[in-house]
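To start, the structure under review is shown below, and the notes come after it.
The values are calculated or read from the model by the stated rules, or taken from the named source; none is laboratory data. These figures come from a predicted structure and were not determined experimentally. Virtual Cβ from ideal backbone geometry, glycine too; neighbours counted across all protein chains shown. Note: areas computed on protein heavy atoms with side chains; ligands, DNA, RNA excluded. Shrake-Rupley method; radii C 1.70, N 1.55, O 1.52, S 1.80 Å.
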Amino acid sequence: MAIITTSVLTACGVEPAEKETRAEAALARKYGQAFDVLQVYPQKFGDLYYEVQACPVDEPLLRFSAVIDTEDDGVSDTYVERRVCAAISRQAEENLDKLPATYYLFVGAAGPQPITEDKDISIEDYAALDPLNMFRLELFAIPEGRDPAAWYQGMGNLFSGLEALRGNVKLYLVDEKQMDAIQAYFELNDETNFEYLELTKEFFCLEIPYQQGVIGLTEQVFADAVKEVL
């Protein structure tokens, strides 16, 4: 009994610096590469687990969350999910080259994600792990042109090469101040939360479904929806 009590007290008393070190080691063992812990979140799982935000040492902008077991350093994380989302974002940004706007894009997974430790999995193979899996694109744009037809054409190619995906695009039309606030938010966060919902609730937003590489609005429906702000 004395040994068990000592073990529990040690787990409960883990200091933030030690949590960083242990989390980095746990992630390195799991994925075979080096990670930096960017922050240790306030305890919300009692004394059994703690949560951190981390990134690969060689990809400091790829932020993800990980939950660490204080007893055995077991780890549950969103690293693969965020890598896949980053790959989707890169492809989507290439496809948006004709959008008449300055924009910022965040890609997130919607719903429970498949469990895989294959960090190099392709977008298509990841999507195939769960046919019900969906991805949401949060697209913030400062208009540089006011022609709805040009906007529709600029978005029409958005999912070229991403035909395996389905989900929704949220198109936010914003000004420079709002864009600055969004970019500042995502410099600290790897997911959307209540603070994000509060930040965006006054933005103009058009939600556009998509699947098999095609957006689910006709040009006329799109034009009617944005005519008040374009």
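From the list Tyr79, Tyr103, the one residue that fits, being modelled with pLDDT of 95 or more, touching a strand residue (DSSP E or B) at 6+ places or on another chain (Cβ under 7 Å) and more than 21 Å from Asp120 (Cβ to Cβ), is Tyr103.
Taking the listed residues Lys98, Lys119, the one that is open to solvent by 40 Å² or more (accessible area, probe 1.4 Å), closer than 26 Å to Gln153 by Cβ and in a loop (DSSP other than H, G, I, E, B) is Lys98, with no other qualifying.
Using beta carbons and a limit of 7 Å, which pairs, at least six apart or on different chains, have the first residue in the range 193-214 and assigned to a strand (DSSP E or B) and at pLDDT 95 or above and the second one of a type in the set (Gly, Ala, Ser) and surrounded by 11 or more Cβ atoms within 10 Å (Cβ to Cβ)? If the second residue must be of a type in the set (Gly, Ala, Ser) and surrounded by 11 or more Cβ atoms within 10 Å (Cβ to Cβ), the pairs left are Leu206/Ala225; Ile208/Gly216; Pro209/Gly216; Tyr210/Gly167; Tyr210/Gly216. Here is a list: Gln39, Gln43, Gln91. Which entry is in contact with a helix residue (DSSP H, G or I) (Cβ under 8 Å, 6 or more places away or on another chain), open to solvent by 40 Å² or more (accessible area, probe 1.4 Å) and polar (S, T, N, Q)? Unique residue meeting the criteria: Gln91.
Once the range 54-79 is narrowed to residues that are buried (at least 20 other Cβ atoms within 10 Å of the Cβ) and within 19 Å of Ala17 (Cβ to Cβ), the residue that is farthest from the chain's Cα centre (by Cα) is Thr70.
With the structure loaded, tell me whether Tyr152 is under 15 Å from Phe135 (Cα atoms), crowded, with 16+ Cβ neighbours inside 10 Å and at pLDDT 95 or above or whether it fails that test. No. Of all residues in the range 187-225, those satisfying the criterion of being over 26 Å from the mean Cα position of the chain (by Cα) and among the aliphatic types (A, V, I, L, M) are Val221, Ala223, Ala225.
Of all residues in the range 123-141, those being open to solvent by less than 40 Å² (accessible area, probe 1.4 Å) and outside any strand (DSSP E or B) number 4. Say whether the condition of being outside any strand (DSSP E or B) and among the hydrophobic types (A, V, I, L, M, F, W, C) is met by at least one residue in the range 63-77. No: zero hits.
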